[in-house]
Amino acid sequence: MLRWQQERLVEWHCIAPGKPMQNGFVESFNGRLRDECLNEHLFISYRHAREIIESWRIDYNRNRPHTSLDGLTPHAFATRSRQGHNVNRANL
């Protein structure tokens, strides 16, 4: 992993032990996935888990508006017209 990161000039940032809010977006998402999907289903196989989690992921990204995206779904936000929008992130 470290070699891959160095070859691609990707900055490496570690989260300090006991400081989960250093990555609040991931912590928020993990909690939502756990509460809305993982705690609601009893998985009988890996295949069943993959199907349920994929269904939840599609719903999360395509059907559910997010307040942090001004009421757009992540899919709508990612595919919206760039014209007239300020882009605050690097184009990856």
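Just so you know, all these numbers are worked out from the coordinates, no wet-lab data involved. Quick caveat, the model's predicted, so the values are computed rather than measured. Counting neighbours? That spans all protein chains shown, and the Cβs are built from the backbone with ideal geometry, glycine included.
Each peptide among 33-42, 15-24 gets the average number of other Cβ atoms lying within 10 Å of its residues, and from highest to lowest they stand as 33-42, 15-24.
Going toward the positive end of the dipole of the chain, with +1 on Lys and Arg Cβ and -1 on Asp and Glu Cβ, which of 10, 65, 45 do you reach last? It is 10, whose Cα lies furthest towards the positive end.
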